[in-house]
Amino acid sequence: MSTMEVKFAENIRSVIKHYKAIVITADVSNAPTDDRLWSEIEAAGRRIKDGYAIDQIKRRPAISATRTAYKLLGKDPNRYRPSAESLCRRVVNGKGLYRLSTMVDIINLISMETGYSIGGFDAEKVSGSVLTLGVGEAGEEFDAIGRGLLNIAGLPVYRDESGPIGTPTSDVVRTSLTESTKKLLMIVNMYGEESTDEDAVVDMSVALLKKYASAENISIEKYLLS
């Protein structure tokens, strides 16, 4: 399957100087989470819990860079935490993660391991073939997964032809992954100039998608805001 094209709106281009999107599309099977995958997630959670105090999580390079982007756009990252930070805080606080579905849990695993907030969408529910990254506006309706209405004003937000679909804090219900999802759209949000090897992130993602989601026709594109 072909990937989505990503464009950048001027209102984010004028503020954020370092951002790269890794866009992965694939044909997938989104079955209930395999016990082997869940074991990998639990092991990653233990590593994070053993490796970080709660106040250190926000200083992980990828998380810190996302928080800086929020501040530059006028959003408080302590009230609207990037999803990677929220996941890591849960495991460090001993709360653990919810076991959801193969695709969601793969994305959560990659996000915890790397510190990048990752959007996961059902590609067949996305309107059009172009996504635009811009800044959320006051009053925009955003029914966030598991959160209800989310105030996205000042957040980096991806929009399709029908409206906003994803932020680093949460994605929207309209394009959410379900057990019937057959075509995945995944966006790794890489803010800042942190040192994590993007090729390693791609390799990890592809390996997990093939191993647990029977991924085929995988397409990978990178878009640089500069």
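The values are calculated or read from the model by the stated rules, or taken from the named source; none is laboratory data. Model, not experiment: these values are computed from the prediction. Here the Cβ positions follow ideal geometry from the backbone for every residue, glycine too, while neighbour counts run over all protein chains shown. Protein only, heavy atoms only, side chains kept; ligands, DNA and RNA dropped before computing areas. Shrake-Rupley method; radii C 1.70, N 1.55, O 1.52, S 1.80 Å.
The table that follows gives values for the structure above.
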| quantity | calculated |
| --- | --- |
| Hits in region 6-17 (condition: under 20 Å from the mean Cα position of the chain (by Cα), open to solvent by 60 Å² or more (accessible area, probe 1.4 Å) and at pLDDT 95 or above) | Lys7, Arg13 |
| Region 155-174, residues that are surrounded by 24 or more Cβ atoms within 10 Å (Cβ to Cβ) and of a type in the set (Val, Ile, Thr) | Val157, Ile165, Thr167, Thr169, Val172 |
| Residue in region 192-207 that is at pLDDT below 95, open to solvent by less than 60 Å² (accessible area, probe 1.4 Å), of a type in the set (S, T, N, Q) and within 20 Å of Arg67 (Cα to Cα) present | yes |
| Of the criteria (1) open to solvent by 70 Å² or more (accessible area, probe 1.4 Å); (2) farther than 29 Å from Val126 by Cβ; (3) free of Cβ contacts under 8 Å to residues at least 60 places away in the same chain, which one Ser39 fails | (1) |
| Number of the exception - Leu97 against (1) at pLDDT 95 or above; (2) over 30 Å from Glu161 (Cβ atoms); (3) of a type outside the set (D, E, K, R); (4) in contact with a Lys or Arg (Cβ under 7 Å, 6 or more places away or on another chain) | (1) |
| Hits in region 62-117 - residues which are crowded, with 22+ Cβ neighbours inside 10 Å and at positive phi | Gly115 |
| Considering residues of region 208-224 that are part of a strand (DSSP E or B) and buried (at least 16 other Cβ atoms within 10 Å of the Cβ) only, the residue farthest from the chain's Cα centre (by Cα) | Ile218 |
| Number of positions in region 31-63 that are among the β-branched types (Val, Ile, Thr) and touching an Asp or Glu at 6+ places or on another chain (Cβ under 8 Å) | 4 |
